[in-house]
Amino acid sequence: MSSADRARRWRQVLTELRPDLPGEWSVRGTGLGTVLVREPLDWALAWIGYSGSPTRPVGWAAAGVQPLVTPFTSWIMTYGIRMDEVRTGPSTLDLSADQAVEQARRFVLDAGLAKIDGWPAERLADVAERDFAQDPGRRRTHWHQLPGWRVVNGTASPVEPATQLVALCRERAAGTSGTGARQLAEQAAFHDGLVRAWQDGEREAALEFLTARRDQALAARKLDRALTA
């Protein structure tokens, strides 16, 4: 299969899978980066996607939740699962096989949806707060979302955690090179911009800042609009 054929087949798999899912879902994106997205798309993007080599037809379906209150530099699996992590069911997805749709369906219905449903926006915000309350040496990465969730939910000022994130990202960037350093610099600039927005107009200005950054990130990945069948 050519790269274009694999992309078309993956979109077909998602299109056939969509009616089997509870609620409303849309097909968004392009190529093998096309995903099923649960509607309405707000601040926590529930997605079903594909990962694998662009030159081989065998890869993996995955499902998860992408927080949109932080810089969207890449898909994360912190709140997701890939089909080869599931003990039962198919461990790979063969886009060249007739049973590709069934392979994806079994994974999503048996494991993918449960993972997505386990991470609603409310839990993401709560876990971020609890992670930030830990001693800095014991924190994980959940708290990186905290400035954004505080703004979106109107619960508190984002300044303290955002300022700490700026310092953390700049410190890590100093010891990194290439793409990693660039992404860390972008993350530092994002949180610095959020602090400045809050200082200029508190929640209204900060929410406007977050919304603009979210919409730009979605548009860059062609996730800003649903595809027609």
Right, Arg138: of a type in the set (Lys, Arg) and under 22 Å from the mean Cα position of the chain (by Cα) or not?
no
Within the stretch 65-88, identify whether any single residue is in contact with a Gly (Cβ under 6 Å, 6 or more places away or on another chain) and of a type in the set (D, E, K, R), and answer yes or no.
no
Going by what's in this entry, would Ala226 be described as under 30 Å from Pro19 (Cβ atoms) and not assigned by the TED database to the domain that holds Gly33?
yes
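Could you please give the count of residues in the stretch 132-149 that are buried (at least 18 other Cβ atoms within 10 Å of the Cβ) and not small (Gly, Ala, Ser)? First the steps, then the outcome.
In the first step, residues of the stretch 132-149 are kept if they are buried (at least 18 other Cβ atoms within 10 Å of the Cβ); the result is 132, 142-149.
Now drop any that are not not small (Gly, Ala, Ser), which leaves 132, 142-147, 149.
The total comes to 8.
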List the pairs whose first member sits in the stretch 201-216 and is among the aromatic types (Phe, Trp, Tyr), whose second member is surrounded by fewer than 18 Cβ atoms within 10 Å (Cβ to Cβ), and whose Cβ atoms are under 7 Å apart, counting only residues at least 6 apart or on separate chains?
Phe209/Gly193
Checked against (1) within 18 Å of the chain's Cα centre (by Cα); (2) free of Cβ contacts under 8 Å to residues at least 60 places away in the same chain; (3) loosely packed, with under 14 Cβ neighbours inside 10 Å, Pro120 satisfies every condition except (2)
Inter-residue pairs, beta-carbon under 6 Å, first open to solvent by less than 20 Å² (accessible area, probe 1.4 Å) and in the stretch 103-115, second in a helix (DSSP H, G or I), 6+ apart
Ala104/Val13; Ala104/Leu17; Phe107/Met83
Tell me, yes or no, whether the stretch 207-222 has at least one residue that is modelled with pLDDT of 95 or more, under 14 Å from Val151 (Cα atoms) and of a type in the set (Asp, Glu).
yes
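Could you list, in sequence order, all residues of the stretch 184-229 that are open to solvent by 60 Å² or more (accessible area, probe 1.4 Å), within 19 Å of the chain's Cα centre (by Cα) and of a type outside the set (D, E, K, R)? Let's see the steps before the verdict.
First, pick out the residues of the stretch 184-229 that are open to solvent by 60 Å² or more (accessible area, probe 1.4 Å): 186, 196, 199-200, 202-204, 208, 213, 215-216, 220-222, 224-225, 228-229.
Subset that is within 19 Å of the chain's Cα centre (by Cα): 186, 213, 215-216, 220-222, 224-225.
Hits for the stretch 184-229 are Gln216, Ala220.
The values are calculated or read from the model by the stated rules, or taken from the named source; none is laboratory data. Here the structure is a predicted model, which is why all the values come from computation and not from measurement. As a convention, Cβ positions derive from the backbone with ideal geometry for all residues, glycine included, and neighbour counts pool all protein chains shown. With ligands, DNA and RNA removed, areas are computed over all heavy atoms of the protein, side chains included. Shrake-Rupley method; radii C 1.70, N 1.55, O 1.52, S 1.80 Å.
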